[in-house]
Structure formats: C-alpha cells, structure tokens
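Visitor: Quick one: the structure is below, and I'll ask about it shortly.
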Amino acid sequence: MSNEYLPIPLFDTLEYLESSLDDQITQIQSRLPTDISANEVASDFRHTCQFLRAYRGSADTFKSYRREIERLLQWSWFIHKKTLKTLRRSDLESFLEFCQAPPKRWIGIKHVTRFIDQNGLHVANPQWRPFVVAISKKAHRDGEVPDVASFTLSQSALQAIFAILSSYFNYLEQEEYTFGNPIAQIRQKSKFLRKHHGKKTIRRLSELQWAYIIETAEKMAAENPDLHERTLFIMNALFAMYLRISELAASPRWIPQMGHFYKDIDNNWWFKTVGKGNKERDISVSDAMLISLK
C-alpha cells in the first residue's frame with residue numbers, strides 16, 4: 001500500500017488546529033485503513049495537537065516538529081496500520097528506513113502551502129508532499145531541476161528526526177499516554193547516523209569581508225541617512241554583538257527595543273534579547289557597539 005497511498009497534510013497552522021480540531025479528525029478518519037481503530041487515531045491526533053501547541057511561541061520550531069511528527073503518523077496510520085500506543089523500537093527502525101527511501105509519490109519537487117482556500121473552503125493542497133527533494137542554489141543557477149529520483153535524506157535531517165521524535169515520545173510518556181520511548185531505545189544509531197571525522201567547515205565572513213560590509217553601509221548612510229542609518233545600525237549590531245538574525249528581528253514572541261540596551265551597577269552595557277529556542281539571554285555590548293548606538 002505504501003506505493004499506492006497518496007498522503008495529504010494532517011496538521012494545519014496553529015490557528016486552524018485550535019478552531020477546527022473535530023473537522024480535521026473526521027477527515028483523517030474517513031481515509032483510514034479499515035483495520036486500524038478510528039478512535040485510537042483520534043486520540044493520537046488530539047495528544048499530538050496538545051504537544052504542538054507548546055511550540056506556539058516559536059514558528060520555526062513548530063514547523064520542524066509538525067513536519068517530523070506528521071511523517072511518522074502518516075506512515076504509522078496509513079502504511080504500518082499502528083497507533084502510537086502500539087509502536088515499539090523495531091517499528092521506529094522501520095520508519096527511519098522508510099524515511100531514507102520513501103515512495104516517489106511521497107516526494108515533492110518544491111515547498112508548497114499545506115492547505116489552500118478553494119470555493120470558500122479550506123482544503124488540503126493536492127501538490128503537498130511530506131518529503132521534498134532539494135537542490136543547491138548553485139545547481140539551480142546552473143539550470144538543474146529537482147528530480148524525485150535523486151531524493152536523499154541528509155545526516156542533519158536524520159539527526160532532527162531522532163531529536164524531535166525523542167522529545168515527542170518523552171512528552172507522551174509523561175502524559176501517561178504511551179509507555180517508554182521507542183526512538184530512544186534504538187541502540188545502534190550508527191546504522192542511521194554517521195560519525196563525522198575531521199574538522200567541520202564553518203561558514204562565516206572573514207574580517208575583510210565584514211570590513212567591506214560596514215564600509216559600504218557607512219557610505220549608504222552618508223548618502224541617504226533617512227533610509228540607511230538603520231541599515232548601518234543593523235550591520236553594526238550583527239557584527240559587534242554576534243547576533244543571530246532572529247535575535248534582532250521582531251517576532252510574535254519578542255520585539256527588540258532600544259530599552260533592551262541597559263547598564264548594570266558596574267557601568268557595563270548589555271543587550272537583552274530572546275533568540276533560538278525562545279531563550280532569553282544578555283549580550284555584552286562592546287565599545288564599538290556603544291559608538292554605533294550613539
């Protein structure tokens with residue numbers, strides 16, 4: 001059946017998860033194989049929605065968790081014909097092998113929205129697939145096109161599956177919905193995850209490249225201060241405080257303000273921000289950054 005079943009998205013945005021839970025369950029149940037409990041699937045879905053809601057403060061984290069959990073449930077319900085309570089270590093090993101070589105019907109050649117509005121209804125996008133084949137920007141510039149036959153699951157993607165599903169099953173166990181964590185019980189992870197030898201290539205700008213960026217931003221600010229004083233400030237903040245873009249950009253969970261720069265009792269300056277993982281941290285403000293602030 002794995003080559004016949006054409007998956008549709010199970011989880012929409014958080015907004016729709018909150019407002020149309022029963023409708024989504026009904027749609028899922030209507031497509032289930034006859035030899036799996038519709039009530040158990042509904043229970044799986046409700047518990048999963050509860051888990052995903054915990055990440056409503058971080059859009060990127062929510063999307064990552066939704067993607068991996070949705071792949072598991074698609075495979076478990078529609079292909080393996082098992083619900084969460086019955087999954088064991090051997091089942092998760094089979095799922096990981098499935099992810100490494102999914103059916104072509106499960107692979108898309110571009111990212112698309114999961115649901116679309118059609119004739120006044122919010123419906124599943126028929127172009128959506130759980131897996132997407134990717135090509136590099138250079139390959140795209142060279143005229144290459146994505147081909148589902150060339151799909152591979154990277155080591156970083158496999159690591160994400162292990163991490164996310166382990167967190168997911170820990171939650172289900174704490175809620176006393178399942179017993180044990182089957183993904184954590186996989187002893188020989190080495191057959192899925194390769195160990196890296198040698199130094200990992202670090203992608204970063206050199207001092208010379210940064211100097212060119214700051215110099216260019218200074219020229220832009222001098223020529224058009226109303227527009228590019230802000231550009232210069234942002235470049236200086238990224239460079240002088242080693243900020244991630246997410247720590248300087250506004251998001252639903254955090255809006256950076258000038259008031260987040262503050263001085264402690266020892267006259268040291270700090271910048272308070274919320275970044276990756278929705279974690280708050282204080283960043284030291286260098287003399288160069290103070291000059292930029294002034």
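Visitor: Take the solvent-accessible surface of the protein heavy atoms, probe 1.4 Å, and return the percent of it on the stretch 131-181 that carbon and sulfur atoms account for.
Guide: Here carbon and sulfur together make up 51 percent of the probe-accessible area.
Visitor: For n ≥ 4 DSSP H runs only, could you compute -39500 (n - 2.57) per run for the chain, divide by its residues and tell me the 222 nm figure to the nearest 500?
Guide: My calculation for the chain gives -13500 deg cm²/dmol from helical runs alone.
Visitor: Separate question: Leaving out ligands, DNA and RNA, what percent of the accessible area of the stretch 216-294 is carbon and sulfur, probe 1.4 Å?
Guide: 55 percent
Visitor: Still on this structure, please answer the following. Using the Karplus equation 6.51 cos²θ - 1.76 cosθ + 1.60 (θ = phi - 60°), what ³J(HN,Hα) coupling, rounded to whole Hz, does each residue of the stretch 251-258 give in order, writing x for Gly and Pro?
Guide: Going residue by residue, I get 8, x, 9, 7, 10, x, 9, 4 Hz, with x marking Gly and Pro.
Visitor: If you take Cα Rg over 2.2 N^0.38 Å from the coordinates, which of [x] 1.24; [y] 1.00; [z] 1.05 do you get?
Guide: Answer by label: [x].
Visitor: At a 1.4 Å probe radius, carbon and sulfur cover how many percent of the accessible area of the stretch 36-104?
Guide: 42 percent
Visitor: Report, by chain and number, residues whose modeled amide H sits under 5 Å from the one on Gly108, excluding near sequence neighbours (fewer than 5 apart, same chain).
Guide: Phe131, Val132, Val133
Visitor: Local charge sum around Asp264 (other residues, Cβ-Cβ under 13 Å, Lys/Arg +1, Asp/Glu -1)?
Guide: Once all neighbours under 13 Å are counted, the net charge is 0.
Visitor: Apply the Karplus parameterisation 6.51 cos²θ - 1.76 cosθ + 1.60, with θ equal to phi minus 60°, to every residue of the stretch 51-57 and state each ³J(HN,Hα) to the nearest whole Hz, in sequence, with x for glycine and proline.
Guide: Rounded to whole hertz, the list is 5, 5, 4, 5, 9, 5, x.
Visitor: Could you give the longest part of the chain that holds none of the GluC sites (Glu not before Pro) found in DSSP loops with at most 12 neighbouring Cβ atoms within 10 Å?
Guide: In the chain, the maximal stretch lacking such sites is 5-143.
Visitor: Per residue, how much accessible area does the chain show when a 1.4 Å probe rolls over the protein heavy atoms, in square angstrom?
Guide: Roughly 62 Å² per residue, with all protein chains present.
Visitor: Which entries in the list Lys63/Lys104; Lys263/Lys294; Lys63/Lys110; Lys110/Lys138 go over 21 Å, if you measure between the two C-alpha atoms of each?
Guide: Beyond 21 Å: Lys63/Lys104.
The values are calculated or read from the model by the stated rules, or taken from the named source; none is laboratory data. This one's a predicted model, so the numbers in the text were calculated from it and none came from an experiment. Using ideal geometry, Cβ is built from the backbone for each residue, glycine included, and neighbour counts are taken over all protein chains shown. The protein model used for the area step is the full one, side chains on, heavy atoms only, and it has no ligands, DNA or RNA in it. Shrake-Rupley method; radii C 1.70, N 1.55, O 1.52, S 1.80 Å.
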